[in-house]
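The structure under discussion appears below in the form of structure tokens.
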Amino acid sequence: MATLWRFTLFLCMLLMACEGLSLASGHGGAPITTLPIVTWKWDHISVQYLVALWVLVCWLCKLLIEANHNVTNYIPESALLICSGFILGGMIWGADKVQTFSLSPTVFFYFLLPQIILDSGYHMPNKLFFTNLGAILIHAVIGTCWNAASLGLSLWGCHMGGAMGDLDIGLLQYLLFGSLMAAVDPVAVLAVFDQVHVNEVLFIIVFGESLLNDGVTVVLFNVFDAFVSLGGGRINAAEIIKGIVSFFVVAFGGSLVGIAFGILISLLTRCTKNIQIIEPGFIFVMGYLSYLTAEMLSLSAILSTTFCGVLCQKYVRANMDESSVQTVKYAMKVFANGSETIIFVFLGISAIDKVIWVWNTGFILLTVFFVFVYRFIGVFFLQWILNRYRLVPVELIDMVIMSYGGLRGAVAYGLAVLLDEKKIKEKNLMICTTLIVVYFTVILQGITMKPLVMWLKVKRAAVTEVSLLEKITNKMFNHTLVAIEDISGQIGDNYFRGKWRHFEEKWMTPFLMKPSARKKQDDVFDVFHQLNLKDAMEYVTEGERRGSLEFVRNDSAILDFKKKLESEYTEVMPDIPPYMINDHVSDMIGFLCSRDHIPSVSLEMHEQTMKAMRGAEAVDVHHLLDQHLYKSRKQYRHGFSRSDFKINRDEKEVQEIFQRTMRNRLESFKSAKMGVSPPKTIVKYSKKEQQEKTPNGKSVSKTKLCHSGDEDFEFSEGDSASGYDSSYPSFSMRATYRPGGGIENPAFVPDLYPTDLLQEIPPWLAESEPDSSMVAPSLRAQANLPNSPMEMRRLGLLRASTRSTDTKQMNNDQLPPPPTSPPPPPPPSGQM
Amino acid sequence: MGSRASRLLREEEIEEIKKETGFSHSQITRLYSRFTSLDKGENGTLSREDFQRIPELAINPLGDRIINAFFPEGYFVLVIFREDQVNFRGFMRTLAHFRPIEDNEKNKNPATEPLNSRTNKLLFAFRLYDLDRDDKISRDELLQVLRMMVGVNISDEQLGSIADRTIQEADTNGDSCISFNEFIKVLEKVDVEQKMSIRFLH
């Protein structure tokens, strides 16, 4: 897409006739007398350079505008962008005395528009769109025809009545003009409605109409263009019928092309697993191809791209990797927003051109007036009819906004520029009028839209939080409605929806979706997944805020882990009230720790351990160790790879190792000095005390009770000197550790010994306590520092095999020292 | 069947139904002809089997639940008393839950709450979950509904955790069940009026 983009801009600037620019360039024309070390090669890159520069300038405009929030609150961004276009255009005019840059139809239709359309198709709220498809189509087809015909005929009538003086425009030309003015512009509508947040039904009707009426506009434009060429005399019934037929062909043909490409994309993404890096690119390239293909077949390109996006979104999202989905999402927004910005700025720049300004008060004012009035009439009439068939009628004020939202934009301007000057003498007047209508609708109506919405108290979009019960019940509603329609013997919307769903499940999904993705596709599960993700994110954020959550490597691990945990939890302890089950990940981890008697390790370690527990396979653990052991320097210092953008953790690892080493040295130094301290002293620290001691005084938000309610998990504050916080068991003699803050490496073995029977807290745990001086490792710990790699490995394996209580017991037996003495702080794991 | 369909409802009967359910005269007669065409036993009532004969209901995951909803006493009572017949009044009463709320109905006094009010619509949905009619959705009940609606791709384990999470989300009083009040609370923002309504043809 990047190349595509660059190519876009290249052509864009090509069309901007940049050679007019009087920039001095070093000419290579002169014969060289000596080898030049540096040459000035403006000519080589002038086009590309200007393109890039213009993009930069447009985006900087947006940057400046967005920096002033108090302005954008009142004036929509699109209007401000057009205004900044005026200023830029004025500057160019002042320098060159001629307008060298303007928005050309080619650039607009082939390079700027497709991305916006693809974005809106891909991010279309499908259900809403199809629920209101009837209304959208009526407005898009009949409404647009009405706008075109009424505007053309009224202007012609006024012309005949002598309101515009002497103009060389015939009836057909008026109709042609009417047809190019008829279409509501998706770019303008999106730009304005995005900021207003009206209710979704209102939004989808206006927006859907603006997308789908393109087919109508293009047909009307082509038909009338042809009629103008033919001349009034040669138009007969056959030609008119051909015109009507061509409408259906263009509209449905375009949609079919789009659907075909949508299916192709879905199929393609089924098998792009191995080229994940460029996977997102397919969506863009194929989307663009669908646009071009439709254009090549002279079908409606906008319809094609819209339907392509609408169809493929579901399957693409299911088939592709999560990160690719995110990439597509953001890249699309970047492109769409970027070209939207450019379009508006250039709409402004285009205005500063003496040539196009042909003033004819009557023509211009009447056009603005008719556009505005006929839109109202059309919308009210059509919606009045539609309301009789709607379950929930669209309210009157909504209709006002619908009419008011009939913004004209760059599509109209692009079509006006496309007019043939030979056939239409007053082309410039038409361009000028179009621009004025665009400014009128985008700037004036855009600015007044928000106050109007406020004033009329239009229902706004509600911000809803997804909840599972809601989702399930919604699904239930759908099924129920279908059933009730079946029982009462009617064929209604729900009937068709039910049929479609059935068809989709039976034919489309197996065909277009990866088998592995089908599960994700279930929306109840999807909501569940999202909620879990959110939880995990919150958890991580919370942990980071509190200063120690290095153990979470990625969200999915914690999620899988959580899910697994939940199921196990319920299996093992069915009698525990469910509200405890899911409340906080830390609770679970804590619970797990106590249940499996596994002291704190990294999360993945837990997960892996559990896996191994099930399969009773140590292989997993070995593998895990391999993966997570710090790499030796030789191994990890390799270069940059284009196809691998994993974040390099080297730096982090080095730091970690360093910190740990220092910590351990400090500890062993301390313990050597302090000697043994009785375990009791530690037990004395109450929860409360510990909380008070957290440096910034934040109390622990989640103090959920597992077991009979005496385990308490906390994040250690920024002080990760120890990396461990323990919860202090006051009823069961188990020490439950918060899962390893600061532990990245599962093979890191401070707690290699199963600690279920521990009746004391390992000394280093108390290190963060103010009076940690009382605490010291046992004699054994001092005596038995595992200081050789061999010893470490032994410990590691033992540790890794504590998967069940049985094996753990065994391990305990194997361990030479009594379990009551805690293990010593390990040597820097870097040694391993 | 033609003869039965032509056997019209008595006017006063229509009036009563109209009053109770809010359907219009033409809707009632139209639904009555549907009722008689479903009534294969030709005895003026519908049995479970009559409903089950509707082919689309067989593929509806909630088909059986919804059929149950037509039998007012609930499933268990039915099993005991074998009272598995529903007459036209009852038929209409159930369908009335799905009538869209009209503007002039919104300001009626709450004492005579119409069958298609928001609360009644919600209650209908709630009853679809609440199989044992104890006014609570337990984990098991939720799990059953989930099993019906969710594809086979999701394992029992996952489904269980979904159910747990759902209950935990909605449960405010900690009894690990969803009561009707909790149910209403969760669906506060949902446009139930619209989502539980269909257009009945005139």
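The values are calculated or read from the model by the stated rules, or taken from the named source; none is laboratory data. None of the values given here were measured: they were computed from a predicted structure. Cβ: placed from backbone, ideal geometry, glycine included. Neighbour counts: every protein chain shown. These accessible areas exclude ligands, DNA and RNA; they are computed on the full protein's heavy atoms, side chains included. Shrake-Rupley method; radii C 1.70, N 1.55, O 1.52, S 1.80 Å.
Points to keep in mind about this one:
- For first residues located in region B:49-70 and free of Cβ contacts under 8 Å to residues at least 60 places away in the same chain, partners that are polar (S, T, N, Q) and surrounded by fewer than 17 Cβ atoms within 10 Å (Cβ to Cβ) and lie 6+ apart or on another chain with Cβ distances below 6 Å do not occur.
- Of all the criteria given as (1) open to solvent by 50 Å² or more (accessible area, probe 1.4 Å); (2) touching a residue at least 60 places away in the same chain (Cβ under 8 Å); (3) part of a helix (DSSP H, G or I); (4) in contact with a helix residue (DSSP H, G or I) (Cβ under 7 Å, 6 or more places away or on another chain), the one not satisfied by B:L201 is (3).
- Listed by first and then second residue, the pairs linking a residue in region A:493-518 that is more than 22 Å from B:F200 (Cβ to Cβ) to a residue that is modelled with pLDDT under 80 and surrounded by fewer than 16 Cβ atoms within 10 Å (Cβ to Cβ), with Cβ atoms under 6 Å apart and 6 or more places separating them unless they lie on different chains, are A:R518/B:N153.
- Each residue in region A:216-232 was checked for being of a type in the set (S, T, N, Q) and more than 17 Å from A:G414 (Cα to Cα), and 1 of them qualify.
- Residue match in region A:453-466 (condition: within 10 Å of chain B (Cβ to nearest Cβ) and either open to solvent by less than 40 Å² (accessible area, probe 1.4 Å) or modelled with pLDDT of 80 or more (or both)): no
- Test: residue in region A:190-205 that is under 30 Å from A:I82 (Cα atoms), free of Cβ contacts under 8 Å to residues at least 12 places away in the same chain and open to solvent by 60 Å² or more (accessible area, probe 1.4 Å): yes
- Scanning region A:60-69 for any residue that is free of Cβ contacts under 8 Å to residues at least 60 places away in the same chain and farther than 30 Å from A:M454 by Cα turns up at least one such residue.
- Contacts under 7 angstrom Cβ, first residue in region A:77-100 being open to solvent by 50 Å² or more (accessible area, probe 1.4 Å), partner of a type outside the set (G, A, S), 6 or more apart: A:F86/A:I352; A:W93/A:Q99; A:W93/A:I352
- From the list A:M181, A:M164, the lone residue that is in contact with a helix residue (DSSP H, G or I) (Cβ under 6 Å, 6 or more places away or on another chain) and part of a loop (DSSP other than H, G, I, E, B) is A:M164.
- Single match in A:I343, A:I364 (criterion: in contact (Cβ under 8 Å) with a residue 60 or more places away in the chain, under 22 Å from A:F86 (Cα atoms) and crowded, with 21+ Cβ neighbours inside 10 Å): A:I343
- Helices (runs of 4 or more DSSP H) enclosed by region B:18-73 - at least 2 residues per element that are within 11 Å of another protein chain (Cβ to nearest Cβ) and over 27 Å from B:M148 (Cβ atoms): B:25-38
Per-residue answers, yes or no, for (1) in contact with a helix residue (DSSP H, G or I) (Cβ under 7 Å, 6 or more places away or on another chain); (2) part of a loop (DSSP other than H, G, I, E, B); (3) open to solvent by 10 Å² or more (accessible area, probe 1.4 Å); (4) within 16 Å of A:H123 (Cα to Cα):
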{"site": "A:V218", "(1), (2), (3), (4)": "yes, no, yes, no"}
{"site": "A:I240", "(1), (2), (3), (4)": "no, no, yes, no"}
{"site": "A:T305", "(1), (2), (3), (4)": "yes, no, no, yes"}
{"site": "A:L311", "(1), (2), (3), (4)": "yes, no, yes, yes"}
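- In a residue-by-residue description of region A:483-490, the property of being more than 7 Å from chain B (Cβ to nearest Cβ) and closer than 30 Å to B:D50 by Cβ applies to no position.
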